[in-house]
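Visitor: One structure, as C-alpha cells, below. Some questions next.
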Amino acid sequence: MNLFGRKSAEPTPASRAAPVIVVGNEKGGCGKSTTAMHLIVGLMDLGHRVASIDLDIRQASLSRYVANRQAYANALGRDVGMPVHYSGVEVTGEDDPGGETVRATERLQFLIDGARVNHDVLVIDTPGSDSPLSRVAHGAANLLVTPVNDSFVDLDVLGHIDARKKQVLGPSHYSEMVLEKRLNQSQDNSAPMEWFVVRNRIGTLDSHNARDVDWALSKLASAIKFRVLPGFSERVIFRELFLVGLTILDLKEASGGKPLSASHLAAREEVRGLVSAIVERVTVPTS
Ligand SMILES: Nc1ncnc2c1ncn2[C@@H]1O[C@H](COP(=O)(O)OP(=O)(O)OP(=O)(O)O)[C@@H](O)[C@H]1O
Ligand SMILES: [Mg+2]
C-alpha cells in the first residue's frame, strides 16, 4: 500500500479522505516552496488530483508559482496540469491578514477537510516561522516533508548537537512542536504523521562538511524519529522556471521538444525519485 492507501493512481473513493502532505521547517529559505512546487507537479504527473494550500501569506511563493503556471498555460494555449489551489488570504480574510485569530484556524481546518474529500492528495506549503495556521496544518499532516540544506545552521533548527561529544542534546522548538502534534494524533487514535527530512541544495563535491552533516542527520533521525531522503542538488533548473510556473518535469513542454541535457535528466530523476519515495514510503536507512 502506498500513501494513497491503494496500488495505483485510481481516484480517491468518496469515503476516504485524501492524505495531507505538509512541507514545513521553521528555517527560512531551506527550499520549502521549491519542494512543494516539485511535489505538486510530480504528483500530477503520476495522474493524481492535487489540491494545494499556501500558508505563507507574506511571500506567497507557491501561489505566485501557480498563477505563473496558469498564465503560461493561457498565453500559449497549452494544457499543463493544474492543482486546485488556495492562497493563505482565502483562509485569513481581509480582517485578519496575519491569520492569528481562532476564526482563521477554524477556516483553515474547514478548507483542509473539504479539499481532502475531492482530491487524491493535499499539499500544504508553510512559512519559515511559527504561526497558528502552520500549527493547524502540521496537526493535519499524514506526512511532513522537511527540506534542509547541508549546513549545521539548518540542522540546529531540527535538534541541538554537541559536535565534540557527538551527541544529540535535544529537539529544537520546531521538532518539539512536531512531536507534540504526533502525540495528539496518537491520542486521537489516528496514525501519527510520518516525517521525511529531505536534503536540498546538495553540493557535488564530497566535502568534510557534507560527511559531518551526514553523521549529524543520522543521529538526529534516530533521536527525533524521522527518515532522511535524498532530495535535490544545487541546480539552476530548480529555480529558473519559476516565472513560467514550470518544473523540470514540464521541460519538454517549455523547450519545444528539444532533448534534455545530462544535468536536466539528473534533475528530473531527483524529482521523480523524491516523489516516488514519498508516495511509496520507501524505507531509506537513516544511519
Ligand atoms: N535545489 C535547489 N537548487 C537551486 N536553487 C534552489 C534549490 N532549492 C531552492 N533554491 C532556491 O533557494 C531559494 C529559497 O528557496 P524557497 O523559496 O523554496 O525556500 P523556502 O523554504 O520556501 O523559503 P521561505 O522560508 O522564505 O518560505 C529560492 O531562491 C530558490 O529558487
Ligand atoms: Mg517558501
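The values are calculated or read from the model by the stated rules, or taken from the named source; none is laboratory data. As the structure is a computational prediction, the values presented were derived from the model and not from experiment. Please note: Cβ atoms are built from the backbone with ideal geometry, for glycine as well, and neighbour counts cover all protein chains shown.
Visitor: Quick one: what pairs do we get from segment 58-74, first residue over 27 Å from Asp96 (Cα atoms), second more than 10 Å from ligand 1 (Cβ to nearest atom) and not in a helix (DSSP H, G or I), C-beta under 6 Å, 6+ apart or different chains?
Guide: Going by the 6 Å Cβ cut-off, the qualifying pairs are Arg69/Gly245; Tyr72/Gly245; Ala73/Val80.
Visitor: When residues of segment 217-246 are filtered for being within 11 Å of ligand 1 (Cβ to nearest atom), in a loop (DSSP other than H, G, I, E, B) and surrounded by fewer than 19 Cβ atoms within 10 Å (Cβ to Cβ), how many remain?
Guide: 3
Visitor: When both residues are 6+ apart or on different chains and their Cβ atoms are under 8 Å apart, which pairs have a first residue that lies in segment 231-244 and is over 19 Å from Gln70 (Cβ atoms) and in contact (Cβ under 8 Å) with a residue 40 or more places away in the chain, and a second that is assigned to a helix (DSSP H, G or I) and among the charged types (D, E, K, R)?
Guide: That search, which allows pairs on different chains as well, returns Gly231/Glu270; Phe232/Glu270.
Visitor: Considering segment 167-190 alone, what residues qualify as being of a type in the set (Lys, Arg) and in contact (Cβ under 8 Å) with a residue 40 or more places away in the chain?
Guide: Of everything in segment 167-190, just one residue is of a type in the set (Lys, Arg) and in contact (Cβ under 8 Å) with a residue 40 or more places away in the chain, namely Lys181.
Visitor: So which residues in segment 19-63 are among the polar types (S, T, N, Q) and within 12 Å of ligand 2 (Cβ to nearest atom)? Walk me through how you get there before you give the answer.
Guide: Here is the first cut: in segment 19-63, the ones among the polar types (S, T, N, Q) are 25, 33-35, 52, 59, 61, 63.
Across segment 19-63, the qualifying residues are Asn25, Ser33, Thr34, Thr35, Gln59, Ser61, Ser63.
For every residue, the table says whether it meets (1) surrounded by fewer than 23 Cβ atoms within 10 Å (Cβ to Cβ); (2) of a type in the set (S, T, N, Q).
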position	(1), (2)
Thr34	no, yes
Ser61	yes, yes
Arg64	yes, no
Pro83	no, no
Tyr86	yes, no
Asp95	yes, no
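Visitor: Give the number of residues within segment 116-157 that are closer than 22 Å to Ala191 by Cα and assigned to a loop (DSSP other than H, G, I, E, B).
Guide: Qualifying residue count, segment 116-157: 5.
Visitor: Does segment 194-216 include one or more residues that are within 16 Å of ligand 2 (Cβ to nearest atom), part of a helix (DSSP H, G or I) and surrounded by 14 or more Cβ atoms within 10 Å (Cβ to Cβ)?
Guide: no
Visitor: Can you confirm whether Val213 is at pLDDT 90 or above and in contact with a helix residue (DSSP H, G or I) (Cβ under 9 Å, 6 or more places away or on another chain)?
Guide: Answer is no for this residue.
Visitor: If we scan segment 268-280, do we find a residue that is away from ligand 1 (no atom under 16 Å from the Cβ), of a type in the set (D, E, K, R) and at pLDDT below 90?
Guide: yes
Visitor: Within segment 98-111, does at least one residue satisfy the condition of being within 16 Å of ligand 1 (Cβ to nearest atom) and in contact (Cβ under 8 Å) with a residue 24 or more places away in the chain?
Guide: yes
Visitor: Let me ask something additional. In the list Ala163, Ala115, Ala141, which residue meets the criterion of being closer than 15 Å to Trp195 by Cβ and either among the acidic types (Asp, Glu) or more than 16 Å from ligand 2 (Cβ to nearest atom) (or both)? Give the derivation first.
Guide: Working: Ala163 fails: closer than 15 Å to Trp195 by Cβ; Ala115 fails: closer than 15 Å to Trp195 by Cβ.
Unique residue meeting the criteria: Ala141.
Visitor: Which of the residues that make up segment 31-75 are within 10 Å of ligand 1 (Cβ to nearest atom), over 14 Å from the mean Cα position of the chain (by Cα) and either polar (S, T, N, Q) or in a loop (DSSP other than H, G, I, E, B) (or both)?
Guide: Hits for segment 31-75 are Arg58, Gln59, Ala60.
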